[in-house]
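The values are calculated or read from the model by the stated rules, or taken from the named source; none is laboratory data. Here the structure is a predicted model, which is why all the values come from computation and not from measurement. Virtual Cβ from ideal backbone geometry, glycine too; neighbours counted across all protein chains shown.
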């Protein structure tokens, strides 16, 4: 494709999957040669009114371009995690409150969000996934996981947490992993009396497991309520290739008196990453 030559396509049908996500690589170190791509999905099925689960489902996808008959998908393998309930019972449910209006926002709570991130840090292979869950405080939290991949391509949960300090709604997260294995997650933040904006939190690689220890940073505060359309489908992180440390994050918000979204882009770097 890069040379402009005719491209080929291989298609595998996977039935009864809840928004399957392909792993997206951070950094320049690839997986071992021939390793299958890892795909994950949240459990449950909103269409069947199954709104909670305690597993993340995993598939491994090997593509053989020379011999397509050997292309295969294996899975799903179900990895046990802490129980969760889809934030707001899933997508298109308009439940996140805004001040001074009855209009509520969609939370996309039924799926793992962009990106499912893979990182190879000096031979240690990690995958970070996030989705949005109900919390005991009645708002929404960012549920996040770090999985490890061993030499036999076996995937195991290393740590997990639900980030929801002080209540309100945190949802629609997007993670990244820098070259030292530090994890950053950007997400939407809102809930009355807060207008919806974008925030960011994270952890250093050697911090206590299951915690986002770096204080929450405000990227942008919302300035008006959103009434014209449903809330964004996703937010997005990206590692800057120039230093492999800087995490760029982009999300939407509403400016005062605006009738549509504005986009805010910000960059963050963890201490000790140079």
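Numerical summary
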item: Top-ranked residue in the stretch 38-57 [being within 17 Å of the chain's Cα centre (by Cα) and free of Cβ contacts under 8 Å to residues at least 60 places away in the same chain; ranked as nearest to residue 89 (Cα to Cα)]; result: 43
item: Selection within the stretch 108-144 - in a loop (DSSP other than H, G, I, E, B) and under 30 Å from residue 97 (Cα atoms); result: 108, 110, 111, 112, 113, 114, 115, 135, 136, 137, 138, 139
item: Residue count, the stretch 26-51 (criterion: closer than 21 Å to residue 233 by Cα and part of a strand (DSSP E or B)); result: 5
item: From the options 190, 181, 197, residue that is buried (at least 17 other Cβ atoms within 10 Å of the Cβ) and part of a loop (DSSP other than H, G, I, E, B); result: 181
item: Enumeration of residues in the stretch 77-109 that are modelled with pLDDT of 95 or more and crowded, with 18+ Cβ neighbours inside 10 Å; result: 81, 84, 86, 87
item: Answer from 143, 153 - the residue that is farther than 18 Å from residue 252 by Cβ, surrounded by 20 or more Cβ atoms within 10 Å (Cβ to Cβ) and touching a residue at least 24 places away in the same chain (Cβ under 8 Å); result: 143
item: Answer from 175, 99 - the residue that is assigned to a loop (DSSP other than H, G, I, E, B) and out of contact with any helix residue (DSSP H, G or I) (no Cβ under 9 Å at 6 or more places or on another chain); result: 99
item: For residue 131: the one exception among (1) modelled with pLDDT of 95 or more; (2) out of contact with any strand residue (DSSP E or B) (no Cβ under 8 Å at 6 or more places or on another chain); result: (2)
item: In the stretch 208-223, residue farthest from residue 175 (Cα to Cα) [restricted to those that are surrounded by fewer than 19 Cβ atoms within 10 Å (Cβ to Cβ) and more than 20 Å from the chain's Cα centre (by Cα)]; result: 223
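Residue-wise test of (1) in contact (Cβ under 8 Å) with a residue 40 or more places away in the chain; (2) over 15 Å from residue 169 (Cβ atoms).
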{"residue": "61", "(1), (2)": "yes, yes"}
{"residue": "66", "(1), (2)": "no, yes"}
{"residue": "69", "(1), (2)": "no, yes"}
{"residue": "81", "(1), (2)": "yes, yes"}
{"residue": "89", "(1), (2)": "yes, no"}
{"residue": "93", "(1), (2)": "no, no"}
